[in-house]
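Since the structure comes first, as structure tokens, the remarks are kept for the end.
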Amino acid sequence: MQRRDFIKSTALASATAVIAQRLAAAQGTTPTVGPTLPPAGEGITWDKAPCRFCGTGCHVQVGVRDGKVVAVQGDQLADVNKGLLCMKGYHVGGILYGEDRLTTPQLRRNGKLEDISWEEAIDVIARRIMRNPDGFGFYGSGQWTVPEGYAAQMLMKAGLGNNHIEPNARLCMASAVTGYLSVYGVDEPAGCYDDLDAADVVINWGNNPAEMHPVLFSRVIDRRSRGEKVTLIDLSTRRTRSTEYADHYLEFKPHTDLAIANGIAHLLIANGTWDREFVEKHCNFKHDPTAKSLHGEAIDFETYSAAVAPYTPEKVEEISGVSAADMRMLGDLFGNRNLRITSLWCMGMNQHSRGTAINRLVHGVHLLSGHFGRPGDAPTSLTGQPSACGTAREVGTLCHLLPGGRLVAKQPHRQECEELWNLPAGRINPKPGYHTVLMWEKFCTPTTAGGDIDTILVQVTNPGQSLPDLKRLFRDKQGLEDKFLIVSDVYPTATTELADLILPAALWVEKNGVFGNSERRTQQWFKMVEPPGQARPDVWMTLAIAHRLFELGHPGMRDRDGIYFMRTLDDDGTEVPTWDWAHFHDINADRALFNDYRRFTFLKHKNVAPYDVLVKSRGMRWPVIEQPDGTFKETPFRFMEFSDPYVKPGAGIQFYHSSTGDDRAQIWFNPYEPAAEEPDETYPFWLCTGRVIEHWHTGTMTMRVPQLRGSMPNAYVEMHPNDALKLGFTQGEIVVVESRRGSIELPVWLNGRGRPPTGSVFVPFFDQNLLINDLTINDTCPISKEPDYKKCAVRLRRRTVTSAA
Amino acid sequence: MTIAPPAAISSLILTLSADASAEAAALRALAVYPGLEIGDYQRPWLPAVLESATPKDVCAQLQALPGVVFIEVTFVEVPNGAPLPSLP
């Protein structure tokens, strides 16, 4: 058989096997073709890995031949994607092979980048830290693997006693975190993707899963194809691909989702369809008069009921634009306990200056109506990055967290962590560090004016494109001679443009890794190919920096016994010098770090599986509990007795981390309030930013894939034809979009895949040459500190000769 | 810059319409679609192998065919062609 024939037959077999599985599921029979691994042949070897892109956590089989990734197949053994891939996963193998991969450390001297050795690079970093340890910030992301994030966390909080560490996840799901914490007392969803197989109604709250989480979306469409009735409701500020499949499209004015959620709560009470038994048994009521408190104040049901009473269908229609009839339809759906309702959301609710509040309210609607605690009845926030949950939230790389859901501000929590790390008492700094926006603001402010962060190390993210209000929070670094930016990445980016030191990084299957996806699933993979040139894993960089600091005499690099505290031990307890590149691969450093981290996960019932168990699985959802026979069992549904072993027998549902200490969840009232910046006479349009199906976030990887870049080569401004007509714009015309913070020129796209209403425009943020975040606002949710990328005011005008020049 | 990526093999699952005439029209069109080889139809799912330099664009065209409801992907070859030059 010729090579291409072999690949074609492998490809067709994969699709046929997935269909066989589906047919068997629909008919309740055994599939004629079982889930299979791709056949070895033509010199191709296959191994599993989670996809590198979004938080869905699809598993792929990666085909390698002659040291190169040559094929990718959806993993049929993976529960998440059951053999499917999306358009980006389709091309994930190609991200490794852009021509301009960074391959050598480079130091900027006299304005020019010069190649240097890794030894010098690590020494430069360590000496920058030594000269001002408190002025050092570490900025990573939800693309950090769990071991990478854990190593960074150890270096900063356990070693330097410095809490200025943040993941870019602050920019994408911090409001989901504060939502879960303030409602359930513990982060991350109770439900899982299995809810999508059981729900009668799926409500998208301001998200577009058809493009952003297509494999999850296809799970619902697949059920419909099998003849099942699944009602899709698209609550959105513009029409998207998801709208095309929706039974109901409810368009709301930006920022008014709080009024809609309160309106549903009002209807449940007014109609007497709230679940009194569930609420009386499992819930308390709270409000937040300061609008800044994570835990707020207790109120009674009567106070809550009075607070939501003004949100009548007619009033909500006036505020949001969603008709009173549609509000009643939503109220009736939630009031029907015979249905199972899953709410999904992503950046629309999280990148919101009332992000915590809207997260609370959607959880509250589910709790008040009793649509909680059965498969298919769940409020779930989807993440945008592959390990936003695993690394940012669980490892706790946010500036106020410690691993295992511990807080730096709580003395008993610090003590627990100091003991697990064998640190001297008092090593961990009790003061939370700077959150993302503040960290970059301090970095871009002259030291003499209070800018007390002078060095930032960036790993696996691109803040020069993804931060809001980019001039203020990033480019103002230019000209500040005492500031020093270190960037580890795989390609040149908007961030490396201002870097003083660039570190070439290994990417995806060029290194070992562990991710944690949106449904609490921890996923492991092994290195399969060599990184190019001198590119190295980020985890090695952090281990090497820590050891160089130890050599330079930083006292924080010693534990309470005076021994180097970030040492890597093998199974026999022998130290392996993984900080030394020549010995990094003598041991699986990921395994050692992950198993060390695992001890922390028991502190808040987030038990992850041992590394060696994950090796054999397609990921496991925590808490993962060891069984009497030595096997490990995952927990699909949390707080529910039928699934969660931590629930007391007989309790049915138990919120065992309740912030009120009574095993109850909190139902919140938060009022609707106008956005921080709304359109006015001068800036009459709403601007919403977001993603496109072809590109992943800032496009640094997907813009190197010819097919994806060819399909979507540049950003655009999507607008309503009537607005274009009024302004005299034509399809494709380059126009100026400007806010109070900046302006850019973009081609107009009318009647495209997204269709905003009049008065709104949408611009994607993937394009490095057209930085829409020059225009966005740096206003954040007062509790989560997550910026609002979805709402600010802009104006549009024709390009003048001057601006075109 | 002109981007001319090499042809790649991928496999698709096309979900076809429950409407019999639309389904039949889709099957007829797909059977002769350039670059597409179809497998055994198991209502409503049709497995297919696509060989194309622009699979995303072809998928968009397939999606637009009457009777094609949804397209999913299960396999993709990473082409061995020249990598894309650096960003301008």
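The values are calculated or read from the model by the stated rules, or taken from the named source; none is laboratory data. If you're wondering where the values come from, they're calculated on a predicted model, not measured in any experiment. Cβ coordinates were reconstructed from backbone atoms using ideal geometry, including for glycine residues, and neighbour counts include every protein chain displayed.
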Residues of segment A:295-313 being out of contact with any Phe, Trp or Tyr (no Cβ under 9 Å at 6 or more places or on another chain), over 11 Å from A:TRP668 (Cα atoms) and not in a helix (DSSP H, G or I), which ones? A:ALA309, A:PRO310, A:THR312
Among helices (runs of 4 or more DSSP H) lying entirely in segment A:70-175, which contain 3 or more residues that are more than 29 Å from the chain's Cα centre (by Cα), more than 30 Å from A:ILE44 (Cα to Cα) and touching a residue at least 60 places away in the same chain (Cβ under 8 Å)? A:118-131
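Regarding segment A:57-64, can at least one residue be identified that is away from chain B (no Cβ under 14 Å) and touching a strand residue (DSSP E or B) at 6+ places or on another chain (Cβ under 7 Å)?
There is at least one residue in segment A:57-64 that is away from chain B (no Cβ under 14 Å) and touching a strand residue (DSSP E or B) at 6+ places or on another chain (Cβ under 7 Å).
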For A:LEU367, state whether it is touching a Cys at 6+ places or on another chain (Cβ under 6 Å) and at pLDDT 95 or above. yes
Matching option when the condition is touching a Pro at 6+ places or on another chain (Cβ under 6 Å) and modelled with pLDDT under 80, among A:ALA20, A:ALA24: A:ALA24
Find the residue count for segment A:727-754, including only residues that are over 27 Å from A:SER242 (Cβ atoms) and modelled with pLDDT under 95. 0
Kindly establish whether A:LEU398 is touching a His at 6+ places or on another chain (Cβ under 7 Å) and closer than 26 Å to A:LEU171 by Cα. no
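Of the residues B:ILE38, B:ILE13, which single one is at the interface with chain A (Cβ under 7 Å from one of its Cβ atoms) and of a type in the set (A, V, I, L, M, F, W, C)?
On the way: B:ILE38 fails: at the interface with chain A (Cβ under 7 Å from one of its Cβ atoms).
On inspection, the qualifying residue turns out to be B:ILE13.
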Of the residues that sit in segment A:65-82 and are among the aliphatic types (A, V, I, L, M) and at the interface with another protein chain (Cβ under 9 Å from one of its Cβ atoms), which one is farthest from A:SER9 (Cα to Cα)? A:VAL69
Please note which helices (runs of 4 or more DSSP H) are completely contained in segment A:329-430 and include at least 3 residues that are buried (at least 22 other Cβ atoms within 10 Å of the Cβ) and touching a Phe, Trp or Tyr at 6+ places or on another chain (Cβ under 8 Å). A:347-350, A:355-369
Taking the stated definitions as given, is B:ALA7 more than 9 Å from chain A (Cβ to nearest Cβ), within 24 Å of A:PRO38 (Cβ to Cβ) and at pLDDT below 85? yes
State all residues of segment A:180-203 that are closer than 23 Å to A:GLY355 by Cβ, over 17 Å from the mean Cα position of the chain (by Cα) and not in a loop (DSSP other than H, G, I, E, B); if no residue qualifies, say none. A:SER182, A:VAL183, A:TYR184, A:ASP195, A:VAL202, A:ILE203
Those residues of segment A:225-252 which are under 23 Å from A:LYS791 (Cβ atoms), in contact with a strand residue (DSSP E or B) (Cβ under 8 Å, 6 or more places away or on another chain) and either within 14 Å of chain B (Cβ to nearest Cβ) or in a loop (DSSP other than H, G, I, E, B) (or both), in sequence order: A:THR237, A:ARG238, A:THR240, A:SER242, A:ALA246, A:PHE252
Those residues of segment A:5-29 that are facing another protein chain (nearest Cβ under 7 Å) and of a type in the set (D, E, K, R) come to a total of 2
Listed by first then second residue, the pairs whose first member lies in segment B:51-76 and is within 22 Å of A:GLN73 (Cβ to Cβ) and more than 9 Å from every other protein chain (Cβ to nearest Cβ), whose partner is of a type in the set (Phe, Trp, Tyr) and in a loop (DSSP other than H, G, I, E, B), with beta carbons under 8 Å and at least 6 positions apart or on separate chains, are B:LEU62/B:TYR33
Tell me, which strands (runs of 3 or more DSSP E) lie completely within segment A:722-787 with 3 or more residues that are of a type in the set (A, V, I, L, M, F, W, C) and out of contact with any Ser or Thr (no Cβ under 7 Å at 6 or more places or on another chain)? A:743-750
Quick one: would you say A:ASP222 is buried (at least 22 other Cβ atoms within 10 Å of the Cβ), farther than 25 Å from A:HIS697 by Cα and within 14 Å of chain B (Cβ to nearest Cβ)? yes
Does A:ASN714 satisfy being surrounded by fewer than 23 Cβ atoms within 10 Å (Cβ to Cβ), within 14 Å of another protein chain (Cβ to nearest Cβ), on the phi < 0 side of the Ramachandran plot and in contact (Cβ under 8 Å) with a residue 24 or more places away in the chain? yes
If you go through A:TRP696, A:TRP668, the only one that is assigned to a loop (DSSP other than H, G, I, E, B) and buried (at least 23 other Cβ atoms within 10 Å of the Cβ) is A:TRP696
Flag if A:VAL613 is modelled with pLDDT of 95 or more and more than 20 Å from A:ALA378 (Cβ to Cβ): yes
Odd one out for B:GLY35 among (1) within 25 Å of A:SER9 (Cβ to Cβ); (2) surrounded by 16 or more Cβ atoms within 10 Å (Cβ to Cβ): (2)
Out of (1) in contact with a helix residue (DSSP H, G or I) (Cβ under 7 Å, 6 or more places away or on another chain); (2) more than 21 Å from A:THR145 (Cβ to Cβ); (3) of a type outside the set (Gly, Ala, Ser), the odd one out for A:PHE637 is which? (1)
Mind counting the residues in segment A:687-709 that are under 14 Å from A:LEU770 (Cα atoms) and within 11 Å of another protein chain (Cβ to nearest Cβ)? 3
Test: residue in segment A:297-315 that is without any contact (Cβ under 8 Å) to a residue 24 or more places away in the chain and either closer than 15 Å to A:TRP205 by Cα or under 32 Å from the mean Cα position of the chain (by Cα) (or both): yes
Pick out the one residue from A:PRO105, A:PRO38, A:PRO50 that is within 12 Å of chain B (Cβ to nearest Cβ) and touching a Phe, Trp or Tyr at 6+ places or on another chain (Cβ under 7 Å). A:PRO38
For segment A:409-467, what are the residues that are hydrophobic (A, V, I, L, M, F, W, C) and more than 27 Å from A:ASN769 (Cα to Cα)? A:ALA409, A:CYS417, A:LEU420, A:TRP421, A:LEU423, A:ALA425, A:ILE428, A:ALA449, A:ILE453
Checking the structure you have, find out if any residue of segment A:485-505 is surrounded by fewer than 16 Cβ atoms within 10 Å (Cβ to Cβ), at pLDDT 95 or above and over 25 Å from A:VAL437 (Cβ atoms). no
Yes or no: segment A:636-653 includes at least one residue that is more than 25 Å from the chain's Cα centre (by Cα), in contact (Cβ under 8 Å) with a residue 60 or more places away in the chain and part of a loop (DSSP other than H, G, I, E, B). yes
Quick test of your reading of the structure: A:PHE474 fulfils all but one of (1) surrounded by fewer than 23 Cβ atoms within 10 Å (Cβ to Cβ); (2) more than 23 Å from A:HIS91 (Cα to Cα); (3) of a type in the set (A, V, I, L, M, F, W, C). Name the failing condition by number. (1)
